[in-house]
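Notes to accompany the following structure.
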Amino acid sequence: MNEIIYSFIEYFIGQVSNPWLKMGIDVFIILIQIAAVVVVALLHVAYATYFERKVMARMQVRIGPTEVGPIGLLQPFADGVKLFFKEDIIPANADKPIFYLAPVIFFASALTSLSVLPFFNNFAVANINVGLLFIFAMSSIGAYGIVMSGWSSDSKFAFLGGLRSASQVISYEIAMGLSLVGVMIMAGSLNLSEIVRAQHQYPTGMFAIPQFIGFFVFLIAALAETNRLPFDLPEAESELVAGYFTEYSGFRFAMFFLGEYTGMLIMSSVAALCFLGGWTIPQFITNALPFLSYVPGIVWFLLKVYLIMFFYYWVRSTFPRYRYDQLMGIGWKVLIPLALANIVLTAFVKILVKGL
Amino acid sequence: MLAKLFFGYYAVVIIFLSLLVITRKNPVHSVMWMLLLFFHIAGLYLFLNAEFIAAIQVIVYAGAILVLFLFVVLLLNLREELQVERFVGSWPAGLIIAVAIFAIVVNVIRSFVLAPPGKYSIEYIKEATHTKALGTILYTEYLFPFEIASLVLLIAIIGAIVLAKRKTRSH
Amino acid sequence: MVPLNWYLMLSAAVFMIGVFGFLTRRNIIIMFMSVELMLNGVNISLISFSHYLQDLRGQILVFFIITVAAAEAAIGLAIIIALFRNKSTAHVDEMNEMKG
Amino acid sequence: MNNYLLIPFLPLAAFLINILLGRNFLKEKAHWVSILAVAGSWVVAVMTLVDILAGHKINQDLYTWIVSGNFKVSVGFLIDELTAVMLIVVTTCSTLIHIYSVGYMHGDKGYYRFFAYLSLFTFCMLMLVMANNFLQLYFGWEGVGLCSYFLIGYYFDKKSASDAGKKAFIVNRFGDFGFGLGIIMIFLTFGTIYYEPVFAQAGGFANNTVNFLGYDVHLMTLIALLLFCGSIGKSAQMPLHVWLPDAMEGPTPVSALIHAATMVTAGVFLVARCSPIFSLSETALMVVALTGAITSLFAATIGLVQNDIKRIIAYSTISQLGYMFLACGVGAYTAGVFHLYTHAFFKALLFLCAGSVMHAMAGELNLQKMGGLKKYMPVTYLTMLLASLSIAGVPGFAGFFSKDEILWLAYSGPSPVGKFVWLIGTIVAFLTAFYSFRLIFLTFHGKFRGTHEQEHHLHESPKFMTIPLMLLCVGAIASGWVGIPHLLGGGAHFTEFMKPVLGHPEGHGTHAEEWMVMAISVIAGFSGIGLAYFMYLKRADIPVKIAQQFSGVHRLLFNKYYVDELYSFLIVRPAIWTAKNILIGITDAKIIEAIVNGVPKAIGIFSEQLRKFQTGRLQHYASIMALGILIIIALMLWR
């Protein structure tokens, strides 16, 4: 990717020798990559909402949005425009700087995580060695946005929602992190691209099969991490109006909304990358059906991501909400022990069976 | 030159943020500045080829410890906090002591000599990846301290629960 | 190449600010945060030593410092909550029952 | 061949079990643990003896006890001929006395405690004899002393008993002090305290001297005499004999086991064990011989007039121990150990018989209130009579052979004081026979002189007591048969057996002389018995008359030469006076109390000022801490 852009530039202005100019070009390339990823990801986020509405509608025997555009395809944009032009209301007693900052933190942390995701072979904005840890870090920063929005709104509902969300996110982050340790052990790396490559070398082609416990724990923890049903207690409508963003409106609300769906996208991507083989498909399939290897990797990746997104919607439309203590109980008493057991098991098998 | 510029930026921002952390009246603001400070420190670590530690800095310090602080801050009464004096009466003494420590440490730093470099060269770490290199030492040479650290954490969990648990009214 | 001294100066400065905050702030939570500042100051110097001496043991030490800091924060904040519950204040100069 | 370890550790296990579980679980069954353990030890000891007879020898370190610089001690065991004999003596007596105690201590409230202590004693005694170095010997030495203290003061609610315990303990300290010094001297001289290297090197130091307070002292003499100090204390020789008669306050089985058969003979064992050292010093040997001779005569004369049945036997023990030292002193260690071995049986038997009599008399000890017990307790009478015949040296009995060997070797040996101690030994033989039979006649013959109530109560002791009596009686008669001298057609097996360890002095007497010595001692024995018969059965008025005629001598003897009073005057009272007037009056009241009261007062005044620093403000403390760090760094910078 970078090489192509370089050759383009060289084609236009000749050999670049000035180091400052070279750096400028590098920065320019990175900026282009960031812009591309953000725009594409946001487009996907927009259509994820549309997808959700359609899926939910089908499951509830409705048909979902149809009015705006052909089969309602322009509905997300209509929503965006509506939110953009809504009045921006700030509560009188709010702590203003933090009130402003909270949605930005939330949204930014979600977007930043996108930078380390390899969408297809050799493409990631930042191909860093601790990519997985980076995603954890960013998802834990997201908790600040939630807590701060809840606190700065100076509203009981928002405050309770913020507290609930923070403890929920912190608790489930542990389970999520531990569930991925099995993958780390098997891949021997924290670099997401390396993890995908390791899966490609692996007989089953994806870690979801040997790491089924980890996969299970990860999926549930991801639901809680992104405040999705059945763990959407921070924003439980019937209890807390809208939870931590009760007091937000207009574009700031839109940022929370987008941040949440971006988070979902990221969690689905991580699941796809760490457990389902990312942009690759298992070698036994390509051996059997060689023509599939001509399909671009991004297609497989998006297929897997949307599969998991679908799972999200499916769960949302079928499960009732948990009680708060049940939520914590599941996190600490079921998922974390399961994940720990998985680590022990994986480590043992790794030591006992050479070359796994 | 670029490295020095980067370092200069980080140094100035880190010191400035540290000062903000300890001088803010509103503890919530202190926490927010501290969050930013931790990011900068993590950036500095990246700069020093310690990517794993940088990630840990964000995950553990920013993601766990500071959230705990935030939690506790939120539980306390902030309205009163904003009305009262933030420093103790004898703060000039504290200032003098702190500056004296700084001066003396700077004096020490001025006269130090760098030891010959060890075996973990930058190339080696890049080759083996930082996490792997660190993990290898941690699980071989420092296995015992590592186990003790796990015990410390366990005790901390239990201790925190015992301490913060509300006494039941029944007795 | 940035001289190691600069890092050490930075580390000392952060540490000193932590000391200052600990010695002067009334709010116990800010004092606690000052302690974290001091730890971070030390961590900076350890990491830079580790880099310049090309010896990973400094980073191991940082790893343990972070671990202990987490434990310390959990315990310390639990103590603060218990204190606040009993005293309804977070100001250390109002907690001076242990005087001679 | 490692099962010899069972010998000491079975009794130890029994002790632990009894002391931990006795009070609440074992209670009246406590004796089974101890008896089985000690009997087990006995079986193993016999096996070990068989092994030793087959020519094996054990010297093994078990466990490194202390290492400090070049001082290294381990728990180790040396089993040679001497140890094997001691093992047999200790375990046999111990087993029989354990069994006897079942009957004797029946119903006592500290039953389990008694057996625990007995087992502990057995353990310590076995450690003592089995040691392969001096420190372990010392451990056992002090261990048996401790048990002796426990058991003398067994009836601790009785003042005389606890006083006697303390007396035994304190008097023994005098001797043990010297013993300790002796061990230190050995370490200084040889650089080790293991027997084997020490004895192997001893010859090389034969002529060395050591400067002590400006005098050149012969090194081996010094070491030997210091070691002998311990022997004097433990074996109740002059002048530290005073504790043993008082020790009779303990239960009679204790007197039999500890204060007759085993512990008190540890001194003799020590001298025999260290014979390579003693043999290098003529002076030391002379001191040993004279101490033994004088003690035996001294104790025998006291024994003539005492009325307390146990005390008579106690003095008899002192006297016989003197005999053993006498033998050792003339270089006849084998004879001394032989006498030790036979003496253990008949003296234990005498004590147990006395216990049996006490049992029948409900604790009465006074001879003058007994008489005619023969028909009430025939077993006790018969066994005690046989034991007395043995101690009196009647031919054929065990005591005869050992005593005769001692006297002959004293007479014929190379020792310069040999003839003198032989004379005293013969006199003592006469006295021994006399007081032993005085005891028999006054107790068992004639008419009963006690109260009617006591007479009604008289009965033979239970089986648990009489069976050990009979078994010991076999020992009292037959144990000497292993050492029948060549003169009488025997093989002197005992002497031959012990020769590798203890050597044998070169006698230079003729057969005729040997016959003469034997005849004289037999005549002395028989005349003692005859005189006793005449004085206490035929003409019962004579003793009273003699006592009146020589009232001064009688009073002197009856009051044990006023030794206790002398000690009281010379040592105890000055010590008490010093303690009362100087230590309490001046040091304690004026100096120590002034310091003790002054210090807190000063602290109080000081802390009144100091407490103002304790503001209770966290930051003040932290500031001071930071200041401290500052100062330390500054000091390190600009030193």
Answer from B:T140, B:T136 - the residue that is at pLDDT 80 or above, more than 22 Å from the chain's Cα centre (by Cα) and within 14 Å of chain A (Cβ to nearest Cβ): B:T136
Quick one: which residue in D:T262, D:T221 is over 16 Å from D:A168 (Cβ atoms), in contact with a helix residue (DSSP H, G or I) (Cβ under 6 Å, 6 or more places away or on another chain) and among the hydroxyl-bearing types (S, T, Y)? D:T221
Please go through the range B:1-52 and give me each residue that is over 29 Å from B:E80 (Cα atoms), of a type in the set (V, I, T) and within 13 Å of the chain's Cα centre (by Cα), ordered by number. B:I14, B:I41
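What do you reckon, is A:F159 open to solvent by 20 Å² or more (accessible area, probe 1.4 Å), out of contact with any Phe, Trp or Tyr (no Cβ under 9 Å at 6 or more places or on another chain) and within 28 Å of A:F253 (Cβ to Cβ)?
It is false that A:F159 is open to solvent by 20 Å² or more (accessible area, probe 1.4 Å), out of contact with any Phe, Trp or Tyr (no Cβ under 9 Å at 6 or more places or on another chain) and within 28 Å of A:F253 (Cβ to Cβ).
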For the range D:38-60, does any single residue satisfy the condition of being more than 27 Å from the chain's Cα centre (by Cα) and among the small types (G, A, S)? yes
May I ask you to verify whether D:S436 is in contact with a His (Cβ under 7 Å, 6 or more places away or on another chain) and under 25 Å from D:G372 (Cβ atoms)? no
Members of the range A:281-307 that are among the β-branched types (V, I, T) and surrounded by fewer than 23 Cβ atoms within 10 Å (Cβ to Cβ): A:I281, A:I285, A:T286, A:V295, A:I298, A:V299
Take C:M9 and tell me if it is at the interface with another protein chain (Cβ under 7 Å from one of its Cβ atoms) and either part of a helix (DSSP H, G or I) or at negative phi (or both). yes
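Condition test on C:A70, is it within 7 Å of another protein chain (Cβ to nearest Cβ) and open to solvent by 20 Å² or more (accessible area, probe 1.4 Å)? Break it down stepwise before answering.
Numbers: within 7 Å of another protein chain (Cβ to nearest Cβ): yes; open to solvent by 20 Å² or more (accessible area, probe 1.4 Å): yes.
So C:A70 fits the description; yes.
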Hey, among the residues in the range D:611-639 that are part of a helix (DSSP H, G or I) and more than 8 Å from every other protein chain (Cβ to nearest Cβ), which one's farthest from C:M98 (Cα to Cα)? D:M636
Residue under question is D:T83, and the condition is that it be closer than 29 Å to D:C353 by Cβ, part of a helix (DSSP H, G or I) and modelled with pLDDT of 85 or more; does it hold? no
Quick check on the range B:122-171: of everything there that is among the hydroxyl-bearing types (S, T, Y) and outside any helix (DSSP H, G or I), which residue is surrounded by the fewest Cβ atoms within 10 Å (Cβ to Cβ)? B:S170
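Can you spot a residue in the range D:543-561 that is more than 19 Å from D:A300 (Cα to Cα) and surrounded by 13 or more Cβ atoms within 10 Å (Cβ to Cβ)?
no
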Residue list for the range D:414-429, filter: at pLDDT below 85 and open to solvent by less than 10 Å² (accessible area, probe 1.4 Å): D:G418
Can you give me the number of residues within the range D:454-481 that are in a helix (DSSP H, G or I) and open to solvent by 60 Å² or more (accessible area, probe 1.4 Å)? 10
For D:E608, are the conditions met, namely being within 14 Å of another protein chain (Cβ to nearest Cβ) and of a type in the set (D, E, K, R)? yes
Residues that are open to solvent by 40 Å² or more (accessible area, probe 1.4 Å) and within 14 Å of chain A (Cβ to nearest Cβ), at least 3 per element: which helices (runs of 4 or more DSSP H) completely within the range B:1-114 meet that? B:2-23, B:27-47, B:66-75
Suppose the filter is away from chain D (no Cβ under 14 Å), open to solvent by 10 Å² or more (accessible area, probe 1.4 Å) and either in contact (Cβ under 8 Å) with a residue 60 or more places away in the chain or more than 26 Å from B:L44 (Cα to Cα) (or both); does C:S88 pass it? yes
Residue, nearest to the other protein chains (Cβ to nearest Cβ), within the range C:14-55, restricted to residues that are farther than 14 Å from C:E72 by Cβ and aromatic (F, W, Y): C:F20
Listed by first then second residue, the pairs whose first member lies in the range C:13-34 and is more than 18 Å from B:Y61 (Cα to Cα), whose partner is of a type in the set (D, E) and open to solvent by 10 Å² or more (accessible area, probe 1.4 Å), with beta carbons under 8 Å and at least 6 positions apart or on separate chains, are C:R26/B:E85; C:R26/C:D93; C:N27/B:E81
Residue in the range A:259-274 that is among the acidic types (D, E), surrounded by fewer than 20 Cβ atoms within 10 Å (Cβ to Cβ) and assigned to a helix (DSSP H, G or I) present: no
Going through D:H56, D:H31, D:H106 one at a time, which residue ends up being under 23 Å from D:H359 (Cβ atoms) and open to solvent by 40 Å² or more (accessible area, probe 1.4 Å)? D:H106
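The values are calculated or read from the model by the stated rules, or taken from the named source; none is laboratory data. Keep in mind that what you see is a predicted model, and the values were worked out from it rather than measured. Counting neighbours? That spans all protein chains shown, and the Cβs are built from the backbone with ideal geometry, glycine included. Heads up: the accessible areas ignore ligands, DNA and RNA and are worked out on the full protein's heavy atoms, side chains in. Shrake-Rupley method; radii C 1.70, N 1.55, O 1.52, S 1.80 Å.
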